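Here's the structure we're looking at; comments come further down.
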Amino acid sequence: MTSRELRVSKIKDGTVIDHIDAGRALHVLRILGLTGSEGLVIAVVMNVPSRKLGRKDIVKVEGLELREEQVNKIALIAPSATINIIRDYEVVEKVKVRVPPIVEGLLRCANPNCISNQPREPITPRFYVRSLRPLKMVCEYCGTELNQDDVIRQLTSA
Amino acid sequence: MLKGRDVISITDFKRSELERLFEEADLMLEALRGGRGLRTLEGYVMATAFFEPSTRTKLSFQTAMLRLGGSYIDLPPEHASSRAKGENLADTIRMLDSYADVIVIRHRLEGAARFAAEVAEHPVINGGDGTRDHPTQAMIDLYTLRRALGRIQGLRVGVLGDLRYGRAARSFILALTLYPPEILYLISPPQLSCRREVLERLDELGITYRQVESLERVVEDLDVLYVTRIQRERFPDPLEYEKVRGSYVVTRSVLEKSGRELVVLHPLPRVDELSLDVDATRYAWYFRQASYGVPVRMALLKLVLRG
């Protein structure tokens, strides 16, 4: 626990996403579709010291539990993140996100000539993870590579 | 070990599998030269689905099937088939899959063959997808080197031309990683240089290569020169094509600078990058290379369908 982190009060029920790569907390909020106007209590802590990552971000959201798809997306932009589910001020479950070796459906191929971009074909884009840090994902159909910036751009745009 | 296999990318193959293929191709070549008719694939039907133009690939697959006693069906050109009514690739492949024992596909889109292989129960062979793979061409290229020089590994190889958009060049370069050359020269104007993912693969596998712009500077050092056409149809911008068109031409006089027994390959068709005056020289292996398309594809069809 760092002194800066302690400035943020505990939440009663909800989710704490910890060990987010420094500077990516706002991307996590985009993935969760949170703008602040929903009325949920949200705490965002950015660039605090971390033993594991050097620096890290933390997001706390009162009254929210994540869907699996959201967890999978967070894994792609913050592969070291841990997700703590809080009930009555206690951590009842702590999960480390995991990037699966094959990612299906969450991302689009950047190559317009890839078969996976054809709207009339029954096809789901599929990528395998060549490297986690730096992130490199390769389209199983055409071999086009997505890097971390590509992935963030895709996951956080509308 | 190849029975029932899809043939999508040359990188899906092990060297031992290619060796098996080449041994089979030798037998096929022998049978062809002896004028012996084969009935190895009697009763089998191959479907050819070429969504892009082709001369050699399609005709040599069809010839191969006929020479083995099998038969083929051919997807008609777009205007004469249901695709003109808007049928998608998946449905077309499902239909062919229900009619034939093996499907050979060529398509403008990258990954089309892999997708077809997922849709089809029967084996799918990639006859070229976009700028990406042309595995059977690479098999023929390696086989030609084996016939011409008695070996594939440890050669001094130059690949000249459109290394960016050419699927034959890309597949040949990747195929060579199974038979590491002594040195690989990647010769192209900067706009057509090899793509990053291919270079990364060469680095990963420890292949010794150099990227150069001029053939003249390295021709004396080559055992093999693989010439390719500039892929005009793949350029995103026609102006970019105009900038590089005609930027390299292989002529007899350039080749004669090499004191070595140089083998010149070309996947064909050629436009103007390989001068006609090379045809009558001892360097010219590209017509034989094209003719090996039949025995190599016979071998592949036999192994995929019958093992």
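The values are calculated or read from the model by the stated rules, or taken from the named source; none is laboratory data. Everything quoted here is computed from the prediction, not taken from an experiment. Don't worry about glycine lacking a Cβ; one is built from the backbone with ideal geometry, like all the others, and counts go over all protein chains shown. Keep in mind that these areas ignore ligands, DNA and RNA; they rest on the heavy atoms of the full protein, side chains included. Shrake-Rupley method; radii C 1.70, N 1.55, O 1.52, S 1.80 Å.
Points worth noting:
- Lone qualifier among A:P119, A:P125, A:P112, A:P100 - being within 11 Å of chain B (Cβ to nearest Cβ) and over 23 Å from B:V198 (Cβ atoms): A:P119
- B:R156 falls short on exactly one of the conditions (1) of a type in the set (D, E, K, R); (2) without any contact (Cβ under 8 Å) to a residue 24 or more places away in the chain; (3) in contact with a strand residue (DSSP E or B) (Cβ under 7 Å, 6 or more places away or on another chain), and that condition is (2).
- Scope region B:57-87; condition away from chain A (no Cβ under 14 Å), among the basic types (K, R) and open to solvent by less than 60 Å² (accessible area, probe 1.4 Å); matching residues: B:K58
- Selection within region A:128-158 - more than 12 Å from chain B (Cβ to nearest Cβ), touching a residue at least 24 places away in the same chain (Cβ under 8 Å) and of a type outside the set (A, V, I, L, M): A:Y128, A:R133, A:Q148, A:D150, A:Q154, A:T156
- Checklist (1) within 21 Å of B:A299 (Cβ to Cβ); (2) among the aromatic types (F, W, Y); (3) within 14 Å of chain A (Cβ to nearest Cβ) applied to B:F51, failing item: (1)
- Residues located in region A:23-57, provided they are charged (D, E, K, R) and open to solvent by less than 70 Å² (accessible area, probe 1.4 Å): A:R24, A:K56, A:D57
- Each residue in region B:107-147 was checked for being away from chain A (no Cβ under 14 Å) and open to solvent by 30 Å² or more (accessible area, probe 1.4 Å), and 4 of them qualify.
- Qualifying positions in region B:198-217 - in contact (Cβ under 8 Å) with a residue 24 or more places away in the chain, assigned to a helix (DSSP H, G or I) and of a type outside the set (V, I, T): B:R201, B:L202
- Considering each residue of region B:236-243 in turn, none proves to be touching a helix residue (DSSP H, G or I) at 6+ places or on another chain (Cβ under 9 Å), surrounded by 14 or more Cβ atoms within 10 Å (Cβ to Cβ) and not in a helix (DSSP H, G or I).
- Of the criteria (1) open to solvent by 10 Å² or more (accessible area, probe 1.4 Å); (2) of a type in the set (V, I, T); (3) under 30 Å from B:T131 (Cα atoms), which one A:V92 fails: (3)
- The single condition among (1) among the polar types (S, T, N, Q); (2) within 14 Å of another protein chain (Cβ to nearest Cβ); (3) closer than 18 Å to B:L301 by Cα that B:T92 does not meet is (3).
- Residue check, B:E220 within 18 Å of B:L155 (Cα to Cα), at pLDDT below 95, open to solvent by 60 Å² or more (accessible area, probe 1.4 Å) and in a loop (DSSP other than H, G, I, E, B): no
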